[in-house]
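The values are calculated or read from the model by the stated rules, or taken from the named source; none is laboratory data. Remember, predicted model here, so these are calculated numbers, not experimental data. Virtual Cβ from ideal backbone geometry, glycine too; neighbours counted across all protein chains shown.
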């Protein structure tokens, strides 16, 4: 059994040039050597950070993602200040739009002076509604501005014909995070707070308290009725059940009380000949509600959707009340982020690629892109070897899995082609006007995709975003420039560190192509069974083990992680870490890993992974996360995969009786 190499007081610098020129990457100041890594690797790797770090008052959680994001925020602030001083920006140019968007958004004095003026025309339009057709017309107009309602229309690639864009309808209209919040006893206090929040928002609008409370009761009644026919977060994980094609005639038969011609005409298209409904039961229920709920009540519902959507962009009383519920009740935050940080977030939403272009020109290092690209290639190579080693897969299925790797699209850093914002007009009139204009611009871009081939080069995230994704319908992985930073990636650190974090993130996204959802899409992104029946059963049997593992983790009080909801991310974490480990081994070219900072390369690989998931969370934030988020809390993401990997046991000498030990029969080994 390998002896654990403990931390040394200074870096180990031997004859190996690799050790002399590159840093170990891991943060030695976080390590609590009073804790055995064999018993609790999470506290060993992060103990001092966990004991000394505080969650900022403006956040519900704090960890590695936040650290990078704060750095990005500082960089973006500098960019926006430069742009805001650009008096020579040509009218209609990206710089003019960024400048004017920022100058209006940052001006809280103007927002307070304007009051409800920015939404007064929409409020007046809602007041004029007298018929169901007028209700649908106004709903459509609001939808284009990003304001929700009882209808959820969008355009996306066809799950079963991934080269074509098609029309979808999804459930909509809930103000609470999930269906379960309306019916489960554990959320009763949140529901009460929500009702009181609605009333206070109507008071901000100018309603008397009695009227505001009556409106809140109306909203709770309508949303609860809508929720009865919604699916919760777990139920929505099955893509097969979300794919229900309807012809125009079948849609009319399902919802005879909804005049779809009026709705679609007012969003700017003809009623689709074919449409996919994600949750048909929701629309079947809505067909009844559209008549049983009065026009007067629907008008209150639309007003609520408008004011809750617009609130962060209006006067301070709306902003503060919105934060009181969304920030404090749901996430436990103590105070709002400074206005400039909030404005940067909305600028990224409205003009993300215009801002992103400036960001990559000034802050993105091409050396990082080159090295990450090499890591992606190595991770794919490791995946190929692992697929061939799976004794539970037939040769027939392995061929299809390899084909999926052959066809994967890699996106690194930023788009090759930027969004053209020529058609978007940004003025100095109001913050909300610019937000709604940007949303209408994006809505029009979405509508323009109907009947056209899918653009597989389009990005789903902006360059400064600290995140990554896999899209099963296009079989693509994307890593924005924002995530290629310390503590996830360090061009000056050795491979053990970079494979331990960034390599595992790459492997994570690759594994999403083979998780409980991605496994149902083929190499071209079509929802199609490419497995043999036996192989797919073998796969789902293995996923049951990871569901069971995470079901047993207690997040807070008696609240357990939802293994079924989080299984896709947990599968991806385990697969990603495994692939990254073997890619790191391959990078050693048969040589023994260098010892740095008193740790072997294998130990630093795992420590880097665990430090990447260091996280502190407020109770309210954690409870909401458990209820709705497909990701497990960071501490479980850190230790869950490790307890399944013999490679981790070997690196640290974990044996039966140690806290990190998991019986062989219970260990999950999928990819």
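Looking only at the stretch 305-329, residues that are within 19 Å of residue 172 (Cα to Cα) and without any contact (Cβ under 8 Å) to a residue 60 or more places away in the chain come to 1 in all.
Based on this model, can you work out whether residue 551 counts as at pLDDT below 95, surrounded by fewer than 23 Cβ atoms within 10 Å (Cβ to Cβ) and in the same structural domain as residue 588 (by TED's automatic domain parsing)? Considered against the rule, which asks whether it is at pLDDT below 95, surrounded by fewer than 23 Cβ atoms within 10 Å (Cβ to Cβ) and in the same structural domain as residue 588 (by TED's automatic domain parsing), residue 551 comes out as no.
Checked against (1) in the same structural domain as residue 508 (by TED's automatic domain parsing); (2) under 30 Å from residue 195 (Cβ atoms), residue 337 meets all criteria but (1).
Is it the case that some residue within the stretch 155-165 is buried (at least 20 other Cβ atoms within 10 Å of the Cβ) and in contact with a helix residue (DSSP H, G or I) (Cβ under 7 Å, 6 or more places away or on another chain)? Looking through the stretch 155-165, none of the residues is buried (at least 20 other Cβ atoms within 10 Å of the Cβ) and in contact with a helix residue (DSSP H, G or I) (Cβ under 7 Å, 6 or more places away or on another chain). Consider the stretch 369-383 and keep the residues that are surrounded by 14 or more Cβ atoms within 10 Å (Cβ to Cβ) and out of contact with any strand residue (DSSP E or B) (no Cβ under 8 Å at 6 or more places or on another chain). The one that is nearest to residue 531 (Cα to Cα) is 383. Scanning the stretch 554-569 for residues that are part of a loop (DSSP other than H, G, I, E, B), at pLDDT 95 or above and out of contact with any helix residue (DSSP H, G or I) (no Cβ under 6 Å at 6 or more places or on another chain) turns up just one, 562.
For the stretch 528-539, a tally of residues being in contact (Cβ under 8 Å) with a residue 40 or more places away in the chain and either touching a strand residue (DSSP E or B) at 6+ places or on another chain (Cβ under 6 Å) or in a loop (DSSP other than H, G, I, E, B) (or both) returns 4. If you check residue 274 against the conditions, is it out of contact with any helix residue (DSSP H, G or I) (no Cβ under 6 Å at 6 or more places or on another chain), modelled with pLDDT of 95 or more and within 27 Å of residue 449 (Cβ to Cβ)? In short, yes.
Among the candidates 129, 119, the residue that is surrounded by 15 or more Cβ atoms within 10 Å (Cβ to Cβ), assigned to a loop (DSSP other than H, G, I, E, B) and at pLDDT 95 or above is uniquely 129. Among all residues of the stretch 322-333, there is at least one that is assigned by TED's automatic domain parsing to the domain that holds residue 448, surrounded by fewer than 21 Cβ atoms within 10 Å (Cβ to Cβ), part of a loop (DSSP other than H, G, I, E, B) and at pLDDT 95 or above. A residue that is outside the structural domain of residue 425 (by TED's automatic domain parsing), modelled with pLDDT of 95 or more and part of a helix (DSSP H, G or I) occurs nowhere in the stretch 158-166. Scanning the stretch 334-362 for residues that are without any contact (Cβ under 8 Å) to a residue 24 or more places away in the chain and either within 20 Å of residue 436 (Cα to Cα) or crowded, with 21+ Cβ neighbours inside 10 Å (or both) gives a single hit, 345.
Filtering the stretch 174-191 for residues that are part of a loop (DSSP other than H, G, I, E, B), without any contact (Cβ under 8 Å) to a residue 60 or more places away in the chain and farther than 27 Å from residue 315 by Cα leaves a non-empty set. Does residue 198 satisfy the condition of being crowded, with 20+ Cβ neighbours inside 10 Å and in a helix (DSSP H, G or I)? Taking the combined requirement at face value, the residue satisfies it. Within the stretch 242-271, residues that are in the same structural domain as residue 159 (by TED's automatic domain parsing) sit with their Cβ atoms under 9 Å from residues that are surrounded by fewer than 13 Cβ atoms within 10 Å (Cβ to Cβ), at 6+ positions apart or across chains, in these pairs: 246/253; 247/273; 248/273; 257/291; 261/270; 264/270.
For every residue, the table says whether it meets (1) assigned by TED's automatic domain parsing to the domain that holds residue 176; (2) in a loop (DSSP other than H, G, I, E, B); (3) buried (at least 24 other Cβ atoms within 10 Å of the Cβ).
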position	(1), (2), (3)
585	no, no, no
590	no, yes, no
604	no, no, yes
608	no, no, yes
616	no, no, no
622	no, no, no
626	no, no, no
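Can you pull out the residues in the stretch 271-297 that are assigned to a loop (DSSP other than H, G, I, E, B) and closer than 26 Å to residue 527 by Cβ? Within the stretch 271-297, 271, 272, 273, 278, 279 meet the criteria.
Of the listed requirements (1) buried (at least 22 other Cβ atoms within 10 Å of the Cβ); (2) more than 25 Å from residue 69 (Cβ to Cβ), residue 479 misses just one: (2).
Report whether or not residue 525 is touching a helix residue (DSSP H, G or I) at 6+ places or on another chain (Cβ under 6 Å) and crowded, with 21+ Cβ neighbours inside 10 Å. No. Tell me whether the stretch 394-401 contains one or more residues that are over 27 Å from residue 587 (Cβ atoms) and touching a helix residue (DSSP H, G or I) at 6+ places or on another chain (Cβ under 6 Å). Within the stretch 394-401, one or more residues are over 27 Å from residue 587 (Cβ atoms) and touching a helix residue (DSSP H, G or I) at 6+ places or on another chain (Cβ under 6 Å). In summary, residue 141 fulfils each of the numbered conditions (1) assigned to a helix (DSSP H, G or I); (2) more than 25 Å from the chain's Cα centre (by Cα); (3) without any contact (Cβ under 8 Å) to a residue 24 or more places away in the chain with the single exception of condition (3).
When you look at residue 428, is it surrounded by fewer than 19 Cβ atoms within 10 Å (Cβ to Cβ) and either free of Cβ contacts under 8 Å to residues at least 40 places away in the same chain or out of contact with any helix residue (DSSP H, G or I) (no Cβ under 6 Å at 6 or more places or on another chain) (or both), yes or no? No.
Is it the case, given these coordinates, that residue 399 is outside the structural domain of residue 191 (by TED's automatic domain parsing) and either surrounded by 19 or more Cβ atoms within 10 Å (Cβ to Cβ) or in contact (Cβ under 8 Å) with a residue 40 or more places away in the chain (or both)? Considered against the rule, which asks whether it is outside the structural domain of residue 191 (by TED's automatic domain parsing) and either surrounded by 19 or more Cβ atoms within 10 Å (Cβ to Cβ) or in contact (Cβ under 8 Å) with a residue 40 or more places away in the chain (or both), residue 399 comes out as no. Against the test of being in contact (Cβ under 8 Å) with a residue 24 or more places away in the chain, within 30 Å of residue 409 (Cβ to Cβ) and over 22 Å from the mean Cα position of the chain (by Cα), the options 229, 163 yield a single qualifying residue, 163. Among the conditions (1) touching a helix residue (DSSP H, G or I) at 6+ places or on another chain (Cβ under 6 Å); (2) crowded, with 23+ Cβ neighbours inside 10 Å, the only one that residue 599 does not satisfy is (1). Scan the stretch 488-508 and give yes if some residue there is part of a helix (DSSP H, G or I), surrounded by 21 or more Cβ atoms within 10 Å (Cβ to Cβ), without any contact (Cβ under 8 Å) to a residue 60 or more places away in the chain and outside the structural domain of residue 65 (by TED's automatic domain parsing), otherwise no. There is no residue in the stretch 488-508 that is part of a helix (DSSP H, G or I), surrounded by 21 or more Cβ atoms within 10 Å (Cβ to Cβ), without any contact (Cβ under 8 Å) to a residue 60 or more places away in the chain and outside the structural domain of residue 65 (by TED's automatic domain parsing).
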